[in-house]
1. For segment 144-158: of the residues being in contact with a Ser or Thr (Cβ under 8 Å, 6 or more places away or on another chain) and buried (at least 16 other Cβ atoms within 10 Å of the Cβ), which is nearest to ASN226 (Cα to Cα)?
2. For segment 173-190, what are the residues that are under 11 Å from HIS154 (Cα atoms) and either surrounded by 14 or more Cβ atoms within 10 Å (Cβ to Cβ) or touching a residue at least 40 places away in the same chain (Cβ under 8 Å) (or both)?
3. Of all the residues that make up segment 52-76, how many are within 20 Å of ALA87 (Cα to Cα) and more than 32 Å from the chain's Cα centre (by Cα)?
4. Would you please list the contacts, defined by Cβ atoms under 6 Å and residues six or more apart or on different chains, that run from a residue in segment 35-52 that is surrounded by 15 or more Cβ atoms within 10 Å (Cβ to Cβ) to a residue that is among the aromatic types (Phe, Trp, Tyr) and modelled with pLDDT of 95 or more?
5. Sort out for me the helices (runs of 4 or more DSSP H) sitting completely within segment 113-219 that have 2 or more residues that are among the charged types (D, E, K, R) and out of contact with any Gly (no Cβ under 8 Å at 6 or more places or on another chain).
6. Among the listed residues THR137, THR78, which satisfies the condition of being modelled with pLDDT of 90 or more and out of contact with any Phe, Trp or Tyr (no Cβ under 9 Å at 6 or more places or on another chain)?
7. Of the numbered conditions (1) at negative phi; (2) touching a strand residue (DSSP E or B) at 6+ places or on another chain (Cβ under 8 Å); (3) not aliphatic (A, V, I, L, M), GLU211 satisfies every one except a single condition; which is it?
Amino acid sequence: MLNDIKRGRGRPRNVATDAGKSTVQALDRGIALLQTIAQHHGVSLSDLSVQVGMPASSAHRLLMTLQQHDFVDFDENTQLWQVGIEAFRVGSAYLSRTNFIEAAQAPLRHLMEATGETANLAVMDNAEVVFVAQVETTNPIRAFFSAGTRALMHSSGIGKALLAQLPRNKVDGLLKTVGLPQYTAKTLVTPQDLYADLDLISARGWSFDEEERYTGMSCVGAAIRNAHG
């Protein structure tokens, strides 16, 4: 029994070496349909059946199964099939296989060594930033934010850098939920002041928190873009 468990690596022990003998025809056809739909902004059933090389009735049954799981959508007005949201979610998982926190360690250390200051990595969570990684400076006076620390975006260098990437209506919605609380004499507490700063950040590509959260502490921030910009 123990030997059987050890052999379990995601496939049965006697799996066929010929790939053609170990595939499921219906699944192959469903994937072919999904791949073909992905090549178009919208495609009809008749065109799909021709391109994939299967009867329209068979293609329709497979499409209905894919639609049930949100891998494809059907537009009743245009009578065209399109890629569904679940296909996007599953495909996006490929990009997330790389652990961005682990990947950020070397750049964070380089940044700390080049500036002599603590380097932080944070992500946006609704109207807050969440600190997820940090490389501390060796200077005796330094800032420390443990992983999981949260801060409102309007009073954070990282937060403002991220806000500057958002459309104005999105920023408006975030501000309505949390407001603009004041932490120091330099905190931006009016939408006009914040928007003026965000415009400046967008133009130059980086943000500056000048004692807006803690007196005596300043921060420079910049947004990191992913493969989609």
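The values are calculated or read from the model by the stated rules, or taken from the named source; none is laboratory data. This one's a predicted model, so the numbers in the text were calculated from it and none came from an experiment. Note that each Cβ is placed from the backbone with ideal geometry, even for glycine, and that neighbours are counted across all protein chains shown.
1. Taking segment 144-158 as the starting set, the residues that turn out to be in contact with a Ser or Thr (Cβ under 8 Å, 6 or more places away or on another chain) are 144, 154-155, 157-158.
Applying the additional criterion that residues be buried (at least 16 other Cβ atoms within 10 Å of the Cβ) yields 154-155, 157-158.
Working: HIS154: 23, SER155: 24, GLY157: 19, ILE158: 16 Å.
Applying the filter and picking the extreme gives ILE158.
2. Of the residues in segment 173-190, the ones under 11 Å from HIS154 (Cα atoms) are 174-175, 178-183, 187-190.
Those that are under 11 Å from HIS154 (Cα atoms) and either surrounded by 14 or more Cβ atoms within 10 Å (Cβ to Cβ) or touching a residue at least 40 places away in the same chain (Cβ under 8 Å) (or both): LEU174, LEU175, VAL178, LEU180, TYR183, THR187, LEU188, VAL189.
3. Of the residues in that region, 4 qualify.
4. ILE37/TRP81; VAL43/TRP81
5. 168-178, 191-204
6. On the way: THR137 fails: modelled with pLDDT of 90 or more.
Residue meeting the stated conditions: THR78.
7. Going through (1) at negative phi; (2) touching a strand residue (DSSP E or B) at 6+ places or on another chain (Cβ under 8 Å); (3) not aliphatic (A, V, I, L, M) one by one, GLU211 breaks only (1).
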